[in-house]
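Student: Sending over a structure as structure tokens; questions will come in a sec.
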């Protein structure tokens, strides 16, 4: 018997038939963007086509680490409305019945669910492991008739709660320090829509002393005010307190965005001697970022957002990296092992683990090792051991290949993992003394690799500018006018993508180039792969042949956020991490706001007749805002261009003319959806 009927039939005795001519209401969970962390907020569940309903059974799920259930407020039309959000964390069960039918206007709130936002993002997913987990019944002459709700996705619209995250902030690792003046830069990735900064870093004043001097990022200095100083900390240590706030006297001044790897402030110290950690102290407000409205940005766990540094006069172990590579079954794959910070090394011991069913070891070559070396790959299956020792030390430039390992790729996927589980499995020593060099934590000094087949992205999105409602597709005018470049166009600011994607000719039915990212998290700091691809007029994101799925090399199958940039449209990012493997299912941004980070802030309804959504036109600056600069810096300078390939050509008809301004920029002015 159906799950929802079981839930209510003990009280009512539902008839399990289907009401002729009436479907279930459409029930929608919203996309709630950036609710305040630590505060109660509302998730309204809305309904349309809600007519003469006498029984309700609904279940939705969410991530309880992100949201904490607090309570509910039902529509005033209902008596005896029941919501259970406490029995099973991460699940809300809604039920109601009556001996009469209730009708509500379209878009009415069925119930408002109250949560506390703990930080982060989570989908709100209607639960349907079996027929009947979500169900409506009509009351008719003393009987209850179940209403049709198939296909499920048509009647139960999932939602999302999303919160932008704090930037990744890190202090440097400085070795070979000499007594005297020392610069300590504080750097960031994913610095987006920031209105305030509060940072606390602990250090040992017996090793370094703060000089009460700093050099601040000029963009931040122009937009706000700094307060930086030192104070006593427990156990004889000192704190550096760093504070910056956007200028409150200029409320129209936008929050600040910075490129990845930006220095926000360079602190001036004097190095004395010895070693000190540079440790971020995060007890809540001591390390915290806020957005332009001064809402605190999620930054938990601390280790994912604040990376400690170190200052020492001693030598540290080199950083050793092995890459991720795409394999062809039955063919050799060569893994170059590269090193950084490789100075005066006298001995090497490295142990690498891999899956022997995926890779079969063949050989090793050592183009840059002038001392004697040995290899053992015939002992324990899936283990490669490399050793080298000599009297005189040697040094290598950063990025040098220490040695190459050749395998035969048998198919499948696996990690190649540096094994540093005991003191000598992975270890370097200094020449002369042969004292082992410091190499903790492991993941800082030994970077793992992987191997697998090429992974593909099955993505779909539409651009507002060239979209033609009558044809239900985008135009290919730029292609027809031979204006599309053969080389990918994202090698300029603000993307600075150095990919070498190039065409011999532009395939038919292509509207333009797009830039696609995969991220392990929502922040841009977690980007692990980027590729330029082509956008078909039917919305399909393709590889350079214009038909096959866009492929990515050198990454492992897993769950990633999908980001799509276009040169004059607001970018989109998947609302949830999607599974990426050689058989990835379609991810379709055009289904509506629930598919996009930021919801309707970043997607526009292009065709109401078929409920098709697309990316907002006119973000020529690609700062995720449609503002005056898109008009003055891109449309105005190119006005009158005909034909051409211009970011000021918002409708992508090959001309920069008045209709780009009146039909697109004016109605879209003020739209913003800044990705983290």
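The values are calculated or read from the model by the stated rules, or taken from the named source; none is laboratory data. All values reported here derive from a predicted model rather than from experimental measurement. No Cβ is skipped: glycine too gets one built from the backbone with ideal geometry, and neighbour counts run over all protein chains shown.
Student: Among what's in region 462-471 and is part of a loop (DSSP other than H, G, I, E, B) and in contact (Cβ under 8 Å) with a residue 12 or more places away in the chain, pick the residue that is surrounded by the most Cβ atoms within 10 Å (Cβ to Cβ).
Tutor: So the first thing to find is which residues in region 462-471 are part of a loop (DSSP other than H, G, I, E, B), and the list is 462, 464-466, 469-471.
After this cut, where a residue has to be in contact (Cβ under 8 Å) with a residue 12 or more places away in the chain as well, the list is 462, 464-466, 469.
Values: 462: 27, 464: 24, 465: 25, 466: 24, 469: 12.
Taking the candidates together, the pick is 462.
Student: Let me ask you something else. Taking region 107-132, which residues are at pLDDT below 90 and more than 27 Å from the chain's Cα centre (by Cα)?
Tutor: Across region 107-132, the qualifying residues are 107, 128, 129, 130, 131, 132.
Student: Has region 591-606 got at least one residue that is closer than 26 Å to residue 481 by Cα, in contact with a helix residue (DSSP H, G or I) (Cβ under 9 Å, 6 or more places away or on another chain) and assigned by TED's automatic domain parsing to the domain that holds residue 495?
Tutor: Yes, that holds for at least one residue.
A quick yes/no check of all residues on (1) assigned to a loop (DSSP other than H, G, I, E, B); (2) within 30 Å of residue 357 (Cβ to Cβ); (3) modelled with pLDDT of 80 or more:
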| residue | (1), (2), (3) |
| --- | --- |
| 416 | no, yes, yes |
| 421 | yes, yes, no |
| 425 | yes, yes, yes |
| 429 | no, no, yes |
| 433 | yes, no, no |
| 451 | no, yes, yes |
| 456 | no, yes, yes |
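The rows are residues; the columns are (1) at positive phi; (2) under 33 Å from the mean Cα position of the chain (by Cα); (3) in the same structural domain as residue 394 (by TED's automatic domain parsing).
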{"site": "412", "(1), (2), (3)": "yes, yes, yes"}
{"site": "418", "(1), (2), (3)": "no, yes, yes"}
{"site": "425", "(1), (2), (3)": "no, no, yes"}
{"site": "429", "(1), (2), (3)": "no, no, yes"}
{"site": "434", "(1), (2), (3)": "yes, no, yes"}
{"site": "438", "(1), (2), (3)": "no, yes, yes"}
{"site": "441", "(1), (2), (3)": "no, yes, yes"}
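For (1) buried (at least 20 other Cβ atoms within 10 Å of the Cβ); (2) within 32 Å of the chain's Cα centre (by Cα); (3) in a strand (DSSP E or B), each residue gets a yes or a no:
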residue: 181; (1), (2), (3): no, no, yes
residue: 184; (1), (2), (3): yes, yes, yes
residue: 202; (1), (2), (3): no, yes, yes
residue: 215; (1), (2), (3): no, yes, yes
residue: 243; (1), (2), (3): no, yes, yes
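Student: Follow-up question, since we're still on this one. Could you grab me the full set of residues in region 310-325 that are crowded, with 20+ Cβ neighbours inside 10 Å and part of a loop (DSSP other than H, G, I, E, B)?
Tutor: Listed by number, the residues that qualify are 317, 318, 322.
Student: Select from region 299-309 the residues that are crowded, with 20+ Cβ neighbours inside 10 Å and not in a helix (DSSP H, G or I) and write down the one among them that is nearest to the chain's Cα centre (by Cα).
Tutor: My answer is 299.
Student: I'd like the full set of residues that are part of a loop (DSSP other than H, G, I, E, B) and either touching a residue at least 60 places away in the same chain (Cβ under 8 Å) or under 19 Å from residue 513 (Cα atoms) (or both), limited to region 629-653.
Tutor: As a first pass, look at region 629-653 and keep what is part of a loop (DSSP other than H, G, I, E, B): 639-653.
Selection gives 643, 644, 645, 646, 647, 648, 649, 650, 651, 652, 653.
Student: Does residue 276 qualify as being assigned to a strand (DSSP E or B), closer than 18 Å to residue 191 by Cβ and touching a strand residue (DSSP E or B) at 6+ places or on another chain (Cβ under 6 Å)?
Tutor: Numbers: assigned to a strand (DSSP E or B): yes; closer than 18 Å to residue 191 by Cβ: no; touching a strand residue (DSSP E or B) at 6+ places or on another chain (Cβ under 6 Å): yes.
So residue 276 fails the test.
Student: Right, another one. Only residues that are under 21 Å from residue 54 (Cβ atoms) and at pLDDT below 90: list them for region 89-100, please. Walk me through how you get there before you give the answer.
Tutor: Initially, region 89-100 is screened for residues under 21 Å from residue 54 (Cβ atoms), giving 93-100.
Correct list: 97, 98, 99, 100.
Student: Now, a different point. Which of (1) in contact (Cβ under 8 Å) with a residue 60 or more places away in the chain; (2) surrounded by 18 or more Cβ atoms within 10 Å (Cβ to Cβ) does residue 206 not meet, given it meets every other one?
Tutor: Every condition holds for residue 206 apart from (2).
Student: Taking the options 399, 459, 411, name whichever one is exposed (fewer than 15 other Cβ atoms within 10 Å of the Cβ) and either out of contact with any strand residue (DSSP E or B) (no Cβ under 6 Å at 6 or more places or on another chain) or under 30 Å from residue 665 (Cα atoms) (or both). I'd like the intermediate steps shown before the answer.
Tutor: Working: 399 fails: either out of contact with any strand residue (DSSP E or B) (no Cβ under 6 Å at 6 or more places or on another chain) or under 30 Å from residue 665 (Cα atoms) (or both); 459 fails: exposed (fewer than 15 other Cβ atoms within 10 Å of the Cβ).
Result: 411 is the single residue among 399, 459, 411 that is exposed (fewer than 15 other Cβ atoms within 10 Å of the Cβ) and either out of contact with any strand residue (DSSP E or B) (no Cβ under 6 Å at 6 or more places or on another chain) or under 30 Å from residue 665 (Cα atoms) (or both).
Student: Take region 279-298 and flag every residue that is over 13 Å from residue 169 (Cα atoms), outside any loop (DSSP other than H, G, I, E, B) and either over 18 Å from the mean Cα position of the chain (by Cα) or not assigned by TED's automatic domain parsing to the domain that holds residue 183 (or both).
Tutor: Hits for region 279-298 are 290, 296.
Student: Can you tell me which residues in region 344-363 are surrounded by fewer than 17 Cβ atoms within 10 Å (Cβ to Cβ) and either more than 18 Å from residue 449 (Cα to Cα) or in contact (Cβ under 8 Å) with a residue 40 or more places away in the chain (or both)? Let's see the steps before the verdict.
Tutor: Of all residues in region 344-363, those surrounded by fewer than 17 Cβ atoms within 10 Å (Cβ to Cβ) come to 344, 355-357, 360, 362-363.
The answer is 344, 355, 357, 360, 362, 363.
Student: Can you spot a residue in region 549-572 that is closer than 22 Å to residue 30 by Cβ, touching a helix residue (DSSP H, G or I) at 6+ places or on another chain (Cβ under 8 Å) and assigned to a loop (DSSP other than H, G, I, E, B)?
Tutor: Looking for residues that are closer than 22 Å to residue 30 by Cβ, touching a helix residue (DSSP H, G or I) at 6+ places or on another chain (Cβ under 8 Å) and assigned to a loop (DSSP other than H, G, I, E, B), one finds none in region 549-572, hence no.
Student: Now, a different point. Would you mind stating whether residue 196 is buried (at least 19 other Cβ atoms within 10 Å of the Cβ), in contact (Cβ under 8 Å) with a residue 24 or more places away in the chain, outside any loop (DSSP other than H, G, I, E, B) and not assigned by TED's automatic domain parsing to the domain that holds residue 35? Talk me through it step by step, then tell me what you get.
Tutor: Values: buried (at least 19 other Cβ atoms within 10 Å of the Cβ): yes; in contact (Cβ under 8 Å) with a residue 24 or more places away in the chain: yes; outside any loop (DSSP other than H, G, I, E, B): yes; not assigned by TED's automatic domain parsing to the domain that holds residue 35: yes.
Yes: the conditions hold for residue 196.
Student: Kindly indicate whether any position in region 625-634 is modelled with pLDDT of 95 or more and touching a strand residue (DSSP E or B) at 6+ places or on another chain (Cβ under 9 Å). Steps first, please.
Tutor: Going residue by residue through region 625-634, those that are modelled with pLDDT of 95 or more are none.
Scanning region 625-634 turns up no residue that is modelled with pLDDT of 95 or more and touching a strand residue (DSSP E or B) at 6+ places or on another chain (Cβ under 9 Å).
Student: How many residues does region 75-102 contain that are over 26 Å from residue 162 (Cβ atoms) and in a strand (DSSP E or B)?
Tutor: 9
Student: Quick one: how many residues across region 138-179 are assigned to a loop (DSSP other than H, G, I, E, B), in contact with a helix residue (DSSP H, G or I) (Cβ under 9 Å, 6 or more places away or on another chain) and buried (at least 24 other Cβ atoms within 10 Å of the Cβ)? Before the answer, list the steps.
Tutor: Looking only at region 138-179, we keep the residues that are assigned to a loop (DSSP other than H, G, I, E, B), and these are 141-142, 149-151, 158, 163-167, 171-172, 175-179.
Next, from what is left, pick out any that are in contact with a helix residue (DSSP H, G or I) (Cβ under 9 Å, 6 or more places away or on another chain): 149, 158, 165-167.
Now narrow it down to the ones that are buried (at least 24 other Cβ atoms within 10 Å of the Cβ): 165-167.
Selection size over region 138-179: 3.
Student: Could you identify the single residue in 86, 18 that is surrounded by 14 or more Cβ atoms within 10 Å (Cβ to Cβ) and modelled with pLDDT under 90? Even if it seems obvious, please write down each step before you answer.
Tutor: On the way: 86 fails: surrounded by 14 or more Cβ atoms within 10 Å (Cβ to Cβ).
Exactly one of 86, 18 is surrounded by 14 or more Cβ atoms within 10 Å (Cβ to Cβ) and modelled with pLDDT under 90, namely 18.
Student: Could you please find all residues in region 576-596 being closer than 14 Å to residue 123 by Cα and part of a helix (DSSP H, G or I)? Step through it out loud before you land on a result.
Tutor: To start, the set of residues in region 576-596 that are closer than 14 Å to residue 123 by Cα comprises 576-578, 593-596.
Within region 576-596, 593, 594, 595 meet the criteria.
Student: Whether any residue in region 103-110 is surrounded by 19 or more Cβ atoms within 10 Å (Cβ to Cβ), outside any loop (DSSP other than H, G, I, E, B) and touching a strand residue (DSSP E or B) at 6+ places or on another chain (Cβ under 6 Å) is what I want to check.
Tutor: Yes: region 103-110 contains one or more residues that are surrounded by 19 or more Cβ atoms within 10 Å (Cβ to Cβ), outside any loop (DSSP other than H, G, I, E, B) and touching a strand residue (DSSP E or B) at 6+ places or on another chain (Cβ under 6 Å).
Student: Give 656, 563, 591, 572 a once-over and let me know the one that is free of Cβ contacts under 8 Å to residues at least 24 places away in the same chain and closer than 30 Å to residue 291 by Cβ.
Tutor: Numbers: 656 fails: closer than 30 Å to residue 291 by Cβ; 563 fails: free of Cβ contacts under 8 Å to residues at least 24 places away in the same chain; 572 fails: free of Cβ contacts under 8 Å to residues at least 24 places away in the same chain.
Of 656, 563, 591, 572, the one residue that is free of Cβ contacts under 8 Å to residues at least 24 places away in the same chain and closer than 30 Å to residue 291 by Cβ is 591.
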